[in-house]
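The values are calculated or read from the model by the stated rules, or taken from the named source; none is laboratory data. Because the structure is a prediction, the values reported are computed rather than measured. Neighbour counts run over all protein chains shown; Cβ positions are idealised from the backbone, glycine included.
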Amino acid sequence: MANKMWGGRFSDGPDALMEEINASIDFDKRLHAQDITASKAHARMLAETGIVSREDVEKILEGLDEIASEISSGKFTFSRALEDIHMNVEARLAEIIGDAAGRLHTARSRNDQVATDFRLYIRDACDHVRDQITALMRAFAVQAERHAEVIMPGFTHLQTAQPVTFGHHMLAYVEMLARDRSRFEDARRRLNESPLGAAALAGTSFPVDRHMTAEMLGFDAPMRNSLDAVSDRDFVLEVLAAAAICTVHLSRFAEELVIWSSAQFDFVRLPDRFTTGSSIMPQKRNPDAAELARAKSGRVIGALVTLLVVMKGLPLAYSKDMQEDKEPAFEALDTLSLVLEVMRGMVEALEPVEEKLRAAAAHGFSTATDLADWLVRALDMPFRQAHHVTGALVAKAEERGVDLADLLLEEMQAVEPRITEDVYSVLTVENSVRSRTSYGGTAPDNVRRMARWWLEQLG
Ligand code: ARG
């Protein structure tokens, strides 16, 4: 049988395979709430502008409400033969209210309809993700304040570089997440324009009021160009890019958790709730949640790439290719949401192993830079020369198998006679971090102040 919605010039129904490739209802039913909200706004505008009688619009609105409750109570039967959410809703509307249902699609096309629905959906998703990111930032900031004094090794190339504080490390993620959050807010601001009324591609000859529908749907304005309104998906791309960057950040912390919780490092204890045991090795405590958080960034990055490829080279205006925007976006946003939640759970319960961190921080000549800086300050030595002298002292310590602080004064003076007892004050990790008071530096006072500032910002 020919399709009820567009079957006017078709004598035959679609091939079963055609239905399989063409129908989007299995996934776009997730847009049901947005579809009904947008249809109600459109219907109200049709009444206000006199395009459709108030009487018919009343019936349409009541019918749409009924469909909304059928869907939320699970009574609605979605049909693949009706392709997508838009036609499923409209067909059911016709069953409920009869002929008046046919007037809802006046001055509208599925092209502006789906663009509108999806913008509404992505807008909600941005708000949700923003709140989740905020919660995770708070968890990091709480840890930062709590452990502002805890000393750990700071790494470059995963080689011990200089001592830092655990709190400082936590705050680095607060900063990354703050940028992630602002990327979502920024994308949301840009996407908040209404495609509704662009119709199929050219606009409509009916006297629609696009400003009215835009306002009813909480958009800032109607989109200025009807071709652009139905053919662009950069609003999804931007959000997926923000999501991909955010998951990259999360994957880096996930990786650190995997490393830190290993027996070799033993820097942190992960909460039991987020680890698993091994069925054969009783000693194991595997950081599965962190590993999965690390891995799931692949899906989100994949979704961004998928949609970039779908959109690349598409001529204006709408093409069915664009139906492929939804599954990657749903998957990416669901994944990001899950990972943010899991991360928050792990961060909240994370316990640094202070003695291990402190001991590791003192290893690997982590205060060598402090020693060089002391030579510059106390002996007015040019930094390059100080670097050289320090190198010689590190070599000596290495040769003896001790740390810099364990070298005898005479041993140091053999390399540089002007070195005094005072040098030992900069060789401890405590003094090292305490001295890093430059703005944004790792000194515990800085970290505490910054953590409090963030906690205040985050409310
Ligand atoms: N299900 C379609 C989509 O998601 C709706 C738009 C269909 N438009 C069309 N001209 N066939 O893109």
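Worth pointing out:
- Among the residues of region 399-411, those identified as within 14 Å of Leu371 (Cβ to Cβ) and exposed (fewer than 13 other Cβ atoms within 10 Å of the Cβ) are Asp406, Leu409.
- Tabulated pairs, region 406-426, first in contact (Cβ under 8 Å) with a residue 40 or more places away in the chain, second of a type in the set (D, E, K, R) and in a helix (DSSP H, G or I), C-beta under 6 angstrom, 6+ apart or interchain: Val426/Asp370
- Residues that are in contact with a Leu (Cβ under 9 Å, 6 or more places away or on another chain) and either in a helix (DSSP H, G or I) or away from the ligand (no atom under 11 Å from the Cβ) (or both), drawn from region 9-34: Ile25, Leu31, Ala33, Gln34
- Region 268-316, residues that are without any contact (Cβ under 8 Å) to a residue 12 or more places away in the chain, on the phi < 0 side of the Ramachandran plot and part of a loop (DSSP other than H, G, I, E, B): Gly277, Ser278, Ser279, Ile280, Met281, Pro282, Gln283, Lys284, Lys312, Pro315
- Within region 236-267, considering residues that are at negative phi and not in a helix (DSSP H, G or I), the one surrounded by the most Cβ atoms within 10 Å (Cβ to Cβ): Ser261
- Among residues of region 169-195 that are of a type in the set (S, T, N, Q), those with a beta-carbon under 8 Å from a residue that is surrounded by fewer than 16 Cβ atoms within 10 Å (Cβ to Cβ) at least six positions away or on a different chain give the pairs Asn192/Gly218; Asn192/Asp220; Ser194/Ala221.
- Considering Glu355, Glu348, Glu324, the condition of being within 16 Å of the ligand (Cβ to nearest atom), of a type in the set (Asp, Glu) and modelled with pLDDT of 95 or more is satisfied by Glu324 alone.
- Subset of region 184-223 [within 16 Å of the ligand (Cβ to nearest atom) and either closer than 30 Å to Leu336 by Cα or in contact with a Leu (Cβ under 7 Å, 6 or more places away or on another chain) (or both)]: Pro195, Leu196, Leu201
- Single residue of region 327-341 satisfying the filter (under 23 Å from Asp112 (Cβ atoms) and within 16 Å of the ligand (Cβ to nearest atom)) that is farthest from the chain's Cα centre (by Cα): Glu327
- Sole exception among (1) on the phi < 0 side of the Ramachandran plot; (2) within 36 Å of the chain's Cα centre (by Cα) for Gly74, by number: (1)
- Selection within region 92-126 - part of a helix (DSSP H, G or I) and over 23 Å from Glu324 (Cα atoms): Arg92, Leu93, Ala94, Glu95, Ile96, Ile97, Gly98, Asp99, Ala100, Ala101, Gly102, Arg103
- Reported count of residues in region 413-447, each being more than 12 Å from Thr165 (Cβ to Cβ) and among the small types (Gly, Ala, Ser), is 5.
- Only residues that are crowded, with 21+ Cβ neighbours inside 10 Å and under 12 Å from the mean Cα position of the chain (by Cα) were counted across region 297-314, and they come to 2.
- Exactly one residue out of Thr49, Thr116, Thr106 is within 21 Å of Gly197 (Cα to Cα), in contact (Cβ under 8 Å) with a residue 40 or more places away in the chain and within 14 Å of the ligand (Cβ to nearest atom): that is Thr116.
- Among the candidates Ala100, Ala94, residue that is touching a Lys or Arg at 6+ places or on another chain (Cβ under 7 Å) and not acidic (Asp, Glu): Ala100
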